[in-house]
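Before any comments, here is the structure.
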């Protein structure tokens, strides 16, 4: 098993674009949740090895060390730091013998929820990578997204994190925000680059159904940014970050040398990972599963001594092929056609020869031996390329 994902669903205020399982809550619910989260870790240690569909998990742990832990949300930094310390202690007790010596342990955080005391506690507990959700350096844009902080809040928290000893920090930025211009995006990029973080995640706004932005979009009160402007913004992000020492290694992620996020790479390379927490999803031995989505069900299943898994599926050959195509092509390293064939017997170079030649001649992909990579033009229309290359055995694709 390569990694562990832990979900802490609480936030101070739901952002207008967010469709994650997250929500504001009171102190009693936070306390109750963290108690159940710790119990779930113990249940995973006791039961997961023998759980239906996961019986080879012990072998996975014996053969491969846990290389990364990611504590996400929600806003994990909104809860008392004592909970994070206890969480890390229980994780070490349960799975510490399997930790890689250089394990990466990331925690998400939001500006306005961090203090120096919290940051010192995180560092002492073993967290060695911090991800801070900035999104924009323009206060009006932050307000339009429903964020609770302003830029000054972020900057203060960033310098506190440095003072506390964090030397591996990611900053989240967003583009294609309603009302954003190329000039305001450049302003945010320049400010963040000037802070010299090790990693920058820069991704475009996606309007999701059932979010406040989604409902505004349905009513016609919100429009997606013009496609031509989106392309200009995306290319500008890639070029500016490249010139300042940040290498793009995935569609939305950029890092200094040696600072790529190992947890993200584990996802994109199809590694096994355990899911802990409300609504979290995991993948073990080609079995995808997810935990209960509601707090009541999550609490009751754990109280009954059960893992809170309420969905499980064995990935089909078609699923494995398609996931490998999509996830690999998201990365700048690209898809290894030989590896895909060795694992699934699907020869994409032969079976998708015409599609690949067409995509290559139009400048959307590069083919170098067994390696298939998206070009920058290809990344701009990546979803349509995935659809063109994916398989559907029900429709006769081989």
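Couple of notes before you dig in:
- Residue list for segment 272-294, restricted to those being part of a loop (DSSP other than H, G, I, E, B) and either in contact with a helix residue (DSSP H, G or I) (Cβ under 9 Å, 6 or more places away or on another chain) or within 20 Å of residue 95 (Cα to Cα) (or both): 272, 277, 278, 279, 280, 285, 286, 292
- Hey, residue 205 over 24 Å from residue 257 (Cα atoms), in contact with a strand residue (DSSP E or B) (Cβ under 6 Å, 6 or more places away or on another chain) and buried (at least 19 other Cβ atoms within 10 Å of the Cβ) or not: yes
- Screening the candidates 240, 156 for the property of being in a helix (DSSP H, G or I), out of contact with any helix residue (DSSP H, G or I) (no Cβ under 6 Å at 6 or more places or on another chain) and modelled with pLDDT of 95 or more yields one hit, 156.
- Count of segment 204-221 residues which are farther than 19 Å from residue 182 by Cα and either part of a strand (DSSP E or B) or touching a helix residue (DSSP H, G or I) at 6+ places or on another chain (Cβ under 8 Å) (or both): 2
- Among the candidates 306, 324, 297, 338, residue that is within 30 Å of residue 34 (Cα to Cα), touching a residue at least 12 places away in the same chain (Cβ under 8 Å) and part of a helix (DSSP H, G or I): 297
- Residue within segment 45-52 that is modelled with pLDDT under 95, under 25 Å from residue 20 (Cβ atoms) and over 22 Å from the mean Cα position of the chain (by Cα) present: yes
- Residue count for segment 219-247 satisfying the condition of being under 22 Å from the mean Cα position of the chain (by Cα), farther than 29 Å from residue 209 by Cα and crowded, with 16+ Cβ neighbours inside 10 Å: 2.
- Some residue of segment 248-264 being buried (at least 18 other Cβ atoms within 10 Å of the Cβ), in contact with a strand residue (DSSP E or B) (Cβ under 7 Å, 6 or more places away or on another chain) and over 15 Å from residue 170 (Cβ atoms): no
- Inside segment 355-383, residues that are surrounded by fewer than 11 Cβ atoms within 10 Å (Cβ to Cβ), modelled with pLDDT of 95 or more and not in a loop (DSSP other than H, G, I, E, B) make up a count of 2.
The values are calculated or read from the model by the stated rules, or taken from the named source; none is laboratory data. Since the structure is predicted, the reported quantities are computational estimates derived from the model, not experimental observations. Here Cβ is always computed from backbone atoms with ideal geometry, including for glycine, and neighbour counts include all displayed protein chains.
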